[in-house]
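Peer 1: Take this structure, written in structure tokens, and hold onto it; I'll ask about it next.
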Amino acid sequence: MGALIPRANYAALYHCTYLNQAALGLVPTQAVDAMVAFLRDVAQHGNLRLSDDQEARILDDLRVAAAEFLDAPEISIAITAGASEALGQVAAALGSLDGSVVLVSSDFPSVTYPWLAERERLGTPIAWVDDRPETDLTEELVRAIGESTKAVCFSAVQFGTGSSVHVAAVTARAKDVGCRVIVDATQLAGAGPVSVRHWSADAVVCSGYKWLSSHGGVALLALSPDLLSVTPRLVGWKGTAEPFAFEPTTLPLAPGARRFEMSTIAYSSAVGLLTSIRLLRTAGAGPIARHARGLATELIDRVEPLGWAPFRSLSDPSSCDHIVALRHALADVPRVQGALATERGIICSSRGGNLRVSSLQRRERRGRWSMPSRPSPSTRPADLPPRDRCVPVTNHPSSKLRWSWACVVSVARSFVVPGSAAVQDQARRPSSSTLSTVPQPRPSSSSRRLRRWTPTWML
């Protein structure tokens, strides 16, 4: 199976293994080049290269691409400076409605904070739903929606656990009681399919700098038809029909969702997002999902014998494949995460007591146990720093993945027992008691080959 997007597009893959796409996604070379070219052009030449009319239409192509990518009408798309801005705009527009709001207690703060602010200002009641591995998150959300619920706001995929929500099922229940549905698709769009038409949610928000592989400062907002005529609580000059008309005494809002756009944003990031969306569409949602499934299955198979377990089994309807949250009854997860980064050059996250692994779709595979060849000096970008000074900041798509899992396993084995120094020392030295908790498999011939191949900067 070839890489969906070549690993050569990501310079830092020559230095580290990045399993942290859910935190800060790598921007592919094509998008970086587009951003740098735009920034250099406008920064050096100003309005000589970017007229008022061009600036007024600068986001048009991105709206078209976003509408196709999210399966939404173009008129429903707004480009904002961030997901937090978009979520805040929607909450402000709907905050005056009577009733309670359903939220997930472990959701990303940008999803919950706007509604907590509404509670401070208006006394809006909050109904919390817990994301627990023994329950179906979709069912819990559906059960929490009642006759007095005015809105339910949640992430389609939870950032800390990878729990996923069947959005259409929640929306169907919400429509029965006249409840608004606001969805943050930041941890899904770019890694899995998103269909605003199928979901029928009132608002779908997505940041551009994680799985969509752009830089910070740009996000997407898709609104339902009945919200397209709402006057936003916060209105900016770019939300008018003709921004450069500069009409301060009237409020000629733009038709559709564009009225929710505030002001000048990071246009270079928008240019990068447009490029990345086109690359993702070329790769295809289906192949991306299959890659993620294969990576998740392989990782879990390798670490479960060591006592690590996913927050949700991959057979759980509420699980997702591109974010795997691993837990261990005795593990010091932040220490494991730190050791992976400093000792092995493997970047992942510690979130809510879980070791969160999030890899993307770009992976090469030459055979079940074959090792990738070391990149030659001629193929390495000339501007890369020496390996011993490299700061790892990329996602991991490459054929290094199989021996990356072995590195994960070896480091995870070393730090599974917190507590006293004596207990930790025993954990580091395999013994009968240690093996009962953390099995120490006999090295296979493939793992011996792996160690011989692994560069010293990964050991």
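All of the numbers you see were taken from the coordinates with simple rules; none came from a lab. Since this is a predicted model, take the numbers as computed values, not measurements. Every residue, glycine among them, receives a Cβ derived from its backbone with ideal geometry; neighbour counts consider all protein chains shown.
Peer 1: For region 1-88, what is the relative contact order in percent, using Cα pairs closer than 8 Å and at least 6 residues apart in sequence? Intermediate results must be reported in sequence, preceding the final value.
Peer 2: Working: 26 pairs, mean separation 12.5, N = 88.
In percent, rounded to a whole number, it is 14.
Peer 1: In the P(r) worked out for region 310-362, what percent of Cα pairs fall beyond 13 Å? Can you show the working numbers first?
Peer 2: Working: 823 of 1378 pairs.
Result for the distance tail: 60 percent.
Peer 1: So for the pair S51, F244, with labels modelled 7 Å out along Cα→Cβ, what separation do we get in nm?
Peer 2: Inter-label distance under the simple model: 0.7 nm.
Peer 1: Moving on to the next point. At 0.36 nm per residue, and after removing the present C-alpha to C-alpha distance, how many nm does the segment from D71 to D130 gain when stretched out fully?
Peer 2: Details: separation 59, 0.36 × 59 = 21.24 nm, distance 2.97 nm.
Between D71 and D130, full extension yields 18.3 nm more.
Peer 1: Counting only other residues whose beta carbon sits under 13 Å from that of E74, what net charge do I get with K and R as +1, D and E as -1?
Peer 2: Details: positive: R63, R197, R258; negative: D60, D61, E68, D71.
Net charge around E74: -1.
Peer 1: How fast does region 213-258 diffuse by Stokes-Einstein, in µm²/s, taking the Kirkwood radius from C-alpha pairs at 25 °C and 0.890 mPa s?
Peer 2: On the way: Rh = 12.2 Å.
So the translational diffusion coefficient is about 201 µm²/s.
Peer 1: In addition: Starting from 0 in steps of 10 Å, tell me what percent of the Cα-Cα pairs of region 30-280 lands in each bin.
Peer 2: 7, 31, 35, 19, 6, 1, 0
Peer 1: So what is Rg over Rh here for region 260-314, counting just Cα atoms and using Kirkwood for Rh?
Peer 2: Numbers: Rg = 18.3 Å, Rh = 14.6 Å.
Rounded to two decimals, Rg/Rh equals 1.26.
Peer 1: For region 1-151, what is the per residue volume of the convex hull drawn over the alpha-carbon atoms, in cubic angstrom? All intermediate terms of the calculation are to be shown ahead of the outcome.
Peer 2: Details: hull volume 32.8 nm³, N = 151.
Cα convex hull per residue, to the nearest whole number: 217 Å³.
Peer 1: With a cut-off of 18 Å, note down the residues of region 111-135 whose backbone N falls inside the zone around a label point 7 Å from the Cα of S315 toward its beta carbon.
Peer 2: Hits in region 111-135 for S315 at 18 Å: 133-135.
Peer 1: Among 17-30, 310-323, 238-251, how do they line up by average Cβ neighbours within 10 Å per residue, starting with the highest? Please report the intermediate quantities before stating the final value.
Peer 2: Working: 17-30: 23.5, 310-323: 20.0, 238-251: 13.1.
Packing order, densest peptide first, comes out as 17-30, 310-323, 238-251.
Peer 1: Which order do the peptides 294-300, 164-170 come out in when sorted by mean C-beta neighbours inside 10 angstrom, highest first?
Peer 2: On the way: 294-300: 18.3, 164-170: 21.0.
Ranked from most to least packed, the peptides come out as 164-170, 294-300.
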